[in-house]
Amino acid sequence: MPLSARTVFIAAGCAMALCSPAFADEEMDRILDEAMPYMHHSCESVLANYGEDEEKVAEIVRLMAEVSLFNREINVEEAVPDEAERDGLKDKFVEALEEACEADPDALLAGAVDLAVKDALN
């Protein structure tokens, strides 16, 4: 299933994680608990299972982005103090996620999100 603009995982909702402050351990535990049921999904399977529910897809991608930021020990507000630059991260994230999922629709979505986070911040 090729990705369209809609299937860039509802960019606004997903990329919001890139502008979030650092997470406390309790908050991260909650995020991990919420993300765990979706970690097995590929780019394609998340759309096959949840594609009709754009809010759910955005939530899943947002959770995975938050996990990626936590694992990489990145506080976006500290790494990119300029608000205008942080706003630009959203576009970079969406573009990188779209490229990763188009290149390999069977890639784990969590891996594609992690690469998109890395690419957006570099």
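Every number in this text was worked out from the coordinates using simple rules, so none of it is lab data. Keep in mind the model is a prediction, meaning the values are calculated, not measured. Note: ideal-geometry Cβ built from the backbone for every residue, glycine included; neighbour counts use all protein chains shown.
Worth a mention:
- Spin-label proximity, N49 to segment 80-122 - amide N less than 16 Å from point 7 Å beyond Cα toward beta carbon: 106-113
- In terms of its alpha-carbon gyration tensor, segment 11-121 comes out oblate; a/c meets the 1.5 threshold, while b/c is at least as large as a/b.
- In a DSSP loop and with at most 10 other Cβ atoms within 10 Å, the GluC sites (Glu not before Pro) in segment 35-99 are E52, E73.
- Summing charges over neighbours of S42, with a neighbour being any other residue whose Cβ is under 9 Å away from its Cβ, gives -3 when K and R count +1 and D and E count -1.
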